[in-house]
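S.K.: Got a structure for you, questions after.
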Amino acid sequence: MSEALKSMPLLDHLKALRKVLAVSFGVLIVGTLLCWAFSERILVLITELLPNEEAAHIFSPPEAFLIRLKVSAFTALFLGLPFIFYQIWAFIAPGLFLPEKRRIFPVFLSSVVLFYLGSYFAYTVIIPIMMNYFFGLSPEGTEMTVGISQLFSVVSRLSLAFGIVFQLPVVILVLSVLGVVSPGWLLSQWRIALLLMLLFSSLLTPPDLISQIAMTLPLFLLYLLSALIAILARGKRGRVDSAEDP
């Protein structure tokens with residue numbers, strides 16, 4: 001930890017933290033107001049996930065306002081996450097040495113990219129599969145009614161869930177660098193990891209094999225990719241340590 005952070009009084013720490021929280025909250029408020037103008041278009045994109053050009057329904061006049069407000073707030077949070085994370089990074093960075101900053105910033109950048117990739121994968125692959133499956137369960141002669149609020153809830157939760165799930169390579173890389181797990185151990189436990197992923201997928205997807213495979217396969221590929229990255233990171237770290245030894 002740097003001397004600058006050690007000499008920084010507790011009151012100054014609290015002021016800096018308050019500034020981070022205030023700026024982040026301000027970004028969300030302003031972002032919500034700006035995203036209101038695009039909320040209708042975003043709702044159209046969400047309803048396009050329904051199969052066979054089905055329509056989502058609004059059941060009360062206040063819901064028309066509330067759903068646009070929810071969409072605006074979620075979109076502001078979704079787009080503002082990198083900035084919020086950067087504010088947290090700026091709060092932590094003064095307490096780190098330069099080599100530590102150089103190691104953490106790529107992790108931060110990779111985490112943001114993987115989050116959006118996971119959300120995009122959920123929107124383009126997982127959610128359409130789920131919607132087709134559920135609509136296919138409707139008996140002949142019946143019509144399924146989908147509320148716009150319920151549809152948005154499913155889409156937003158799954159988008160966030162897959163964004164978080166796609167952090168797996170970053171988590172494994174950090175644990176490997178810290179020495180908590182080894183790449184060899186990760187590769188040796190692939191059967192257990194695959195079983196846990198299948199169980200996890202069964203909780204988040206409809207009870208059909210296609211949906212579960214659609215989620216398990218990318219998770220397992222991410223797991224193997226994480227082990228490979230950990231091997232490369234361990235090897236690079238070992239070479240650097242050897243070069244620094246007298």
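S.K.: Filter region 51-68 for residues that are assigned to a helix (DSSP H, G or I) and among the aromatic types (Phe, Trp, Tyr) and give the result.
M.R.: Residue satisfying the conditions is 65 alone.
S.K.: Right, something else. Being among the hydrophobic types (A, V, I, L, M, F, W, C), in contact with a Lys or Arg (Cβ under 9 Å, 6 or more places away or on another chain) and either in contact (Cβ under 8 Å) with a residue 40 or more places away in the chain or surrounded by fewer than 15 Cβ atoms within 10 Å (Cβ to Cβ) (or both) narrows it down to one residue among 166, 152; which is it?
M.R.: Working: 166 fails: in contact with a Lys or Arg (Cβ under 9 Å, 6 or more places away or on another chain).
152 is the lone residue from the list that is among the hydrophobic types (A, V, I, L, M, F, W, C), in contact with a Lys or Arg (Cβ under 9 Å, 6 or more places away or on another chain) and either in contact (Cβ under 8 Å) with a residue 40 or more places away in the chain or surrounded by fewer than 15 Cβ atoms within 10 Å (Cβ to Cβ) (or both).
S.K.: Let me ask something additional. Please go through region 109-131 and give me each residue that is open to solvent by 50 Å² or more (accessible area, probe 1.4 Å) and closer than 9 Å to residue 49 by Cβ, ordered by number.
M.R.: 123
S.K.: OK, next. Looking at region 122-145, is at least one residue in contact (Cβ under 8 Å) with a residue 24 or more places away in the chain and assigned to a loop (DSSP other than H, G, I, E, B)?
M.R.: Looking through region 122-145, at least one residue is in contact (Cβ under 8 Å) with a residue 24 or more places away in the chain and assigned to a loop (DSSP other than H, G, I, E, B).
S.K.: Now, a different point. Quick test for you: out of 48, 53, pick the one residue that is surrounded by fewer than 16 Cβ atoms within 10 Å (Cβ to Cβ), acidic (Asp, Glu) and at pLDDT below 90.
M.R.: Details: 48 fails: at pLDDT below 90.
Exactly one residue qualifies, and that residue is 53.
The values are calculated or read from the model by the stated rules, or taken from the named source; none is laboratory data. As the structure is a prediction and not an experimental result, all values here were calculated from the model. Here the Cβ is made from the backbone with ideal geometry for all residues, glycine too, and neighbour counts use every protein chain on show. Heads up: the accessible areas ignore ligands, DNA and RNA and are worked out on the full protein's heavy atoms, side chains in. Shrake-Rupley method; radii C 1.70, N 1.55, O 1.52, S 1.80 Å.
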